[in-house]
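Written out below as structure tokens is the structure these notes cover.
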Amino acid sequence: MQTYIPLAQIDEAAQEVRKRTLHKPRIAIILGSGLNGLADSVQKADLIPYGDLPHFPVSTVEGHAGRFVIGELEGQTVLVMQGRIHYYEGYSMAQVTLPVRVMQRLGIETLIVTNAAGGVHPDFQPGDVMLITDNLNLIGMSGLNPLMGPNLDEIGPRFPDMSQAYDRGLCELARKVAKESGVQLREGVYAGLSGPSFESPADLRFLRLAGTDAVGMSTVPEVIVARHGGMRALGLSGISNKANLDGSTVTTHEEVIEAGKVITPKVEKIIRGVLRGM
Ligand code: HPA
């Protein structure tokens, strides 16, 4: 397992992408579990399976297709990750976040991240969409930060600031778009864990006490790497299930994929509006 990816390898992967598309995207969108549909709306799309890119990890999870879709959406040139790689698949944090490094070398300035998450806030219901206003980096606090290893000085600082991980201007735009398109937008703190086991009731009560509104197994490492590289980030969580703080219900991956069908059109409306407003 490669725990550190040198710039030369990042650039080899970026060069392979450049060979396969004439588009010059400035905005990237990562689509989470069950939220893949938006990639099919990209016009003049060039499709690049992760398996064709040197050093790239390949996603193994159901509901994650595993390719870059590069083309046009709502008047913007975008790079969409249809399917992401998770730490729990057995890759290193550096491998999991390599796509974000490659985006940065391709000139991406804005990253829109989506995920499926468990609703920990008592008011959140399956099918809700939450604007991520901040995150709890639990996976990082336990020593798993994607910036471990020698710093890539050409890309960013050794100790990057995370005080505004989710860009305030983009959050404001997302709120405005949601209001205009009649989508109820929740807001809150996303806690990033490794998974793949779902949380125990005690885990969830702990997370709630710590200020968690939604919990999931992705996003935080990607946003850290994006911020390290100076990108702006916008995060949206689709609430696929109610977190089970008292142990009275079970959580399944099928439920996550099923909820994606309700969530996708809402997330899509917000992303389309944000793209138009940028
Ligand atoms: N916990 C963690 N990750 C998730 C959940 C959850 O309840 N739902 C969707 N992804």
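The values are calculated or read from the model by the stated rules, or taken from the named source; none is laboratory data. All values reported here derive from a predicted model rather than from experimental measurement. Methodologically, a virtual Cβ is constructed for each residue, glycine included, from the backbone with ideal geometry; neighbour enumeration extends over all protein chains shown. Note: accessible area is taken over every heavy atom of the protein model, side chains too, but ligands, DNA and RNA are not part of it. Shrake-Rupley method; radii C 1.70, N 1.55, O 1.52, S 1.80 Å.
For region 228-244, enumerate the residues that are more than 14 Å from the ligand (Cβ to nearest atom) and either without any contact (Cβ under 8 Å) to a residue 24 or more places away in the chain or open to solvent by 40 Å² or more (accessible area, probe 1.4 Å) (or both).
Gly230, Arg232, listed by residue number.
Checking Leu111 against (1) crowded, with 17+ Cβ neighbours inside 10 Å; (2) under 22 Å from Val262 (Cβ atoms); (3) at pLDDT 95 or above: exactly one of these is not met. Which one?
(2)
Could you tell me which of the residues Leu98, Leu79, Leu152, Leu147 is out of contact with any strand residue (DSSP E or B) (no Cβ under 9 Å at 6 or more places or on another chain) and surrounded by 24 or more Cβ atoms within 10 Å (Cβ to Cβ)?
The match here is Leu98.
Going through region 189-227 one residue at a time, which ones are free of Cβ contacts under 8 Å to residues at least 60 places away in the same chain and open to solvent by less than 10 Å² (accessible area, probe 1.4 Å)?
Once the filter is applied, which keeps residues that are free of Cβ contacts under 8 Å to residues at least 60 places away in the same chain and open to solvent by less than 10 Å² (accessible area, probe 1.4 Å), region 189-227 yields only Gly192.
Does Val220 satisfy being touching a strand residue (DSSP E or B) at 6+ places or on another chain (Cβ under 6 Å) and modelled with pLDDT under 90?
no
Just wondering, is there one or more residues in region 245-253 that are without any contact (Cβ under 8 Å) to a residue 40 or more places away in the chain, near the ligand (Cβ under 10 Å from one of its atoms), open to solvent by 10 Å² or more (accessible area, probe 1.4 Å) and under 29 Å from Leu98 (Cα atoms)?
The answer is yes; a qualifying residue exists.
How many residues are open to solvent by less than 100 Å² (accessible area, probe 1.4 Å) and within 25 Å of Ile239 (Cβ to Cβ) if we restrict to region 18-42?
So the count comes out to 14.
With respect to Phe159, determine if the residue is of a type outside the set (A, V, I, L, M) and within 14 Å of the ligand (Cβ to nearest atom).
Numbers: of a type outside the set (A, V, I, L, M): yes; within 14 Å of the ligand (Cβ to nearest atom): no.
Answer is no for this residue.
Please count how many residues of region 182-226 are within 13 Å of the chain's Cα centre (by Cα) and of a type in the set (Lys, Arg).
Adding up the residues that qualify gives 0.
Pick out the one residue from Thr212, Thr219, Thr249 that is under 21 Å from Leu79 (Cα atoms) and of a type in the set (S, T, N, Q).
Thr219
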